[in-house]
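Comments concern the structure below.
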């Protein structure tokens with residue numbers, strides 16, 4: 001990936017157009033979205049069937065649309081995919097949709113971006129069933145330190161926004177499997193980095209180097 005200028009920040013998951021010339025942004029697409037023709041050189045994409053999209057009758061259509069989007073060379077991750085007990089079609093529909101995406105990610109050799117609201121048992125069940133070779137990254141995690149610690153021990157990565165950057169969580173996860181994001185918050189990714197630095201005590205250079213190295217490891221890139 002050839003990028004203009006110096007990249008300081010990695011925004012792992014965003015719904016915005018990107019964070020400026022000094023940031024790489026991974027913009028989220030949902031099944032049915034198209035990769036825009038005029039995206040910036042420092043933009044990558046994830047694409048997935050979000051549980052909020054699901055109804056009892058549209059899974060087949062969503063699967064077809066995702067395959068078309070995920071084939072684009074700048075779609076580097078599958079998701080956000082996952083489980084939400086508060087919204088969207090429930091139960092087996094969400095599980096079938098997630099397994100489809102998890103297996104597609106395995107076939108394509110891509111990581112998975114996880115959306116999970118109160119669906120941790122289903123997520124763990126799916127991980128045991130799929131046994132993925134590439135990381136599954138829980139985005140926007142806002143749970144407890146004890147939950148974060150147990151998920152970290154099971155091999156999950158984390159992407160944290162401003163609301164998830166608590167001392168309790170940061171003490172419970174592996175920083176070598178950690179990324180930062182803006183999601184749909186409207187914040188700039190630099191703000192999230194500065195908050196991360198204030199909680200961890202890292203200086204700017206250490207924080208930027210850590211997240212860059214993690215991102216490179218996740219995607220087998222060299223930024």
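Å³ per residue of the Cα convex hull, for the chain?
Hull volume over Cα atoms, normalised by residue count, gives 109 Å³.
Based on alpha-carbon centroids, what's the gap between the range 1-74 and the range 155-178 in Å, whole number please?
When both Cα centres are located, 22 Å separates them.
When the helix-only estimate is applied to the chain (DSSP H runs of n ≥ 4, each -39,500 (n - 2.57), divided by the residue count), what is the mean residue ellipticity at 222 nm, nearest 500 deg cm²/dmol? Numbers along the way, then the final one.
Numbers: 7 runs with 81 residues, N = 223.
Taken over the chain, the calculation gives -11000 deg cm²/dmol.
Taking the Cα atoms of the range 141-223, what is the range of coordinates along each of the three principal axes, in descending order and whole Å?
The Cα atoms of the range 141-223 stretch 31, 28, 26 Å along the principal axes, largest first.
If I take every Cα pair under 8 Å that is 6 or more residues apart in the chain, average their sequence separation and divide by the length, what percent do I get for the relative contact order?
On the way: 430 pairs, mean separation 42.3, N = 223.
Relative contact order for the chain comes out at 19 percent.
So what is the orientation-averaged projected area of the range 82-128, using the convex hull of its C-alpha atoms, in nm²? Before the final figure, lay out each step's value.
On the way: hull surface 12.2 nm².
Spelled out: convex hull of the Cα atoms, projected over all directions, averaged, 3.1 nm².
Neighbour counts of other C-beta atoms within 10 Å: give me 200, 69 arranged from fewest to most.
With the sparsest Cβ surroundings first, the list reads 200, 69.
Give me Rg/Rg_expected for the range 42-154, where Rg uses Cα atoms only and Rg_expected = 2.2 N^0.38 Å with N residues. Numbers along the way, then the final one.
On the way: Rg = 13.5 Å, N = 113, 2.2 N^0.38 = 13.3 Å.
Its radius of gyration relative to the 2.2 N^0.38 Å reference: 1.02.
For the range 90-208, give me the percentage of DSSP beta bridges that are antiparallel, rounded to the nearest 5 percent. Intermediate results must be reported in sequence, preceding the final value.
Details: 0 of 9 bridges.
So the antiparallel bridges in the range 90-208 amount to around 0 percent.
Just grab the label-to-label distance for residue 39 and residue 188, each label 7 Å out from Cα along the Cβ direction, in nm (one decimal).
2.4
Order by neighbour count: 50, 175, fewest other Cβ atoms within 10 Å first, most last.
Values: 50 20, 175 14.
Fewest-to-most Cβ neighbours within 10 Å comes out as 175, 50.
Neighbour counts of other C-beta atoms within 10 Å: give me 14, 166, 43 arranged from fewest to most.
Arranged by neighbour count, lowest to highest, 14, 166, 43 become 166, 43, 14.
At 0.36 nm per residue, and after removing the present C-alpha to C-alpha distance, how many nm does the segment from residue 128 to residue 86 gain when stretched out fully? Don't skip to the end; give the middle numbers.
On the way: separation 42, 0.36 × 42 = 15.12 nm, distance 2.37 nm.
Taking residue 128 through residue 86 to full extension adds about 12.8 nm, to one decimal.
Each reported figure results from applying straightforward, stated rules to the coordinates on display, with no laboratory input. All values derive from a computational prediction rather than experimental measurement. No Cβ is skipped: glycine too gets one built from the backbone with ideal geometry, and neighbour counts run over all protein chains shown.
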